[in-house]
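Some notes on the structure that comes next.
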Amino acid sequence: MKRGIIAKMALGLFLLFVSMPLMAQEYRSDYLIRDGQVFYDYVPMETADFRTFRVLGKGYAKDRYHVYLDGKILAYVDPLTFRLLGEGYAPEYEEAEPYGRNRAGEGYFKSNFDVFYNGRKLEGASASTFREIGAGYAKDAFRVYYRGRLLEDATSSTFREIGGGYAKDSFRVYYCGRELADASASTFVYSGKGYGRDTFNTYFLGRKISD
């Protein structure tokens with residue numbers, strides 16, 4: 001009996017010793033470096049340069065030559081200027097969550113000249129003025145976006161996120177990127193826990209519940 005216990009303890013210590021170098025070099029999002037090789041989900045990334053490789057979060061990584069999403073090269077993205085723009089947003093009311101935190105590969109990022117969402121280029125977006133404003137909303141000097149989708153009628157200069165997935169400009173109110181047709185932008189406020197209201201109506205999770 002004692003020999004069996006000692007043997008199991010010895011095996012456990014051996015496995016821990018063998019795994020320590022790998023654990024020390026393991027990165028978030030299933031990236032790791034071992035013996036001068038970069039891996040994603042234990043599959044070698046043949047083009048990756050382990051000397052300059054670093055993990056950025058949300059499934060993204062880069063080296064001196066490429067930018068990667070979930071282990072795959074993002075074509076035409078400059079690693080020198082690549083950067084993530086935000087960490088996501090989680091409203092205080094759980095059921096109203098319009099934009100989850102730390103979803104792999106999700107989010108806005110940009111280079112010096114282009115803006116992307118989830119690896120998709122946002123055509124027409126101005127990288128020099130683009131910024132994320134929270135809850136999945138972002139804007140540049142001319143356009144407003146919700147999770148990478150252009151809000152065609154939104155006015156960038158006055159557009160702002162006000163909490164709980166709600167946002168507004170001078171003329172319109174939005175919930176999770178959807179315009180609330182009857183809402184009064186001039187008086188609309190976020191009340192907390194999924195509720196918003198203006199002078200005339202009350203809304204819950206973007207749905208009108210009273211007149």
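The values are calculated or read from the model by the stated rules, or taken from the named source; none is laboratory data. Everything quoted here is computed from the prediction, not taken from an experiment. Reconstructed Cβ throughout: ideal geometry from the backbone, glycine too, with neighbour counts over all protein chains shown. Areas reflect the complete protein model, heavy atoms only, side chains present, ligands, DNA and RNA absent. Shrake-Rupley method; radii C 1.70, N 1.55, O 1.52, S 1.80 Å.
Assorted remarks:
- Measuring between alpha carbons in the structure, the pairs from Lys72/Lys110; Lys62/Lys121; Lys139/Lys193; Lys58/Lys110; Lys168/Lys208 lying more than 20 angstrom apart are Lys139/Lys193.
- For segment 137-173, the residues whose backbone nitrogen is under 17 Å from a point 7 Å from the Cα of Arg120, taken along Cα to Cβ, are 137-139, 144-152.
- Label-point gap, in nm, between Thr202 and Ala141 - each point 7 angstrom along Cα→Cβ: 4.4 nm
- With a 1.4 Å probe rolled over the protein heavy atoms of all chains, the accessible area of Glu152, Glu161, Glu179 falls in the order Glu152, Glu179, Glu161, largest first.
- Zone residues, segment 138-154, relative to Ser170, backbone N less than 19 Å from point 7 Å out along Cα-to-Cβ: 139-145, 151-154
- Largest to smallest accessible area among Leu80, Leu32, Leu56 [probe 1.4 Å]: Leu80, Leu56, Leu32
- Where labels lie 7 Å past Cα in the beta-carbon direction, separation of Asp41 and Arg160 in nm: 4.3 nm
- Ligands, DNA and RNA aside, Asp198 has an accessible area near 10 Å² when probed at 1.4 Å.
- Segment 54-75 versus segment 159-211: alpha-carbon centroid distance in Å: 37 Å
- Taking all protein chains together and rolling a 1.4 Å probe, Asp182 ends up with roughly 100 Å² accessible.
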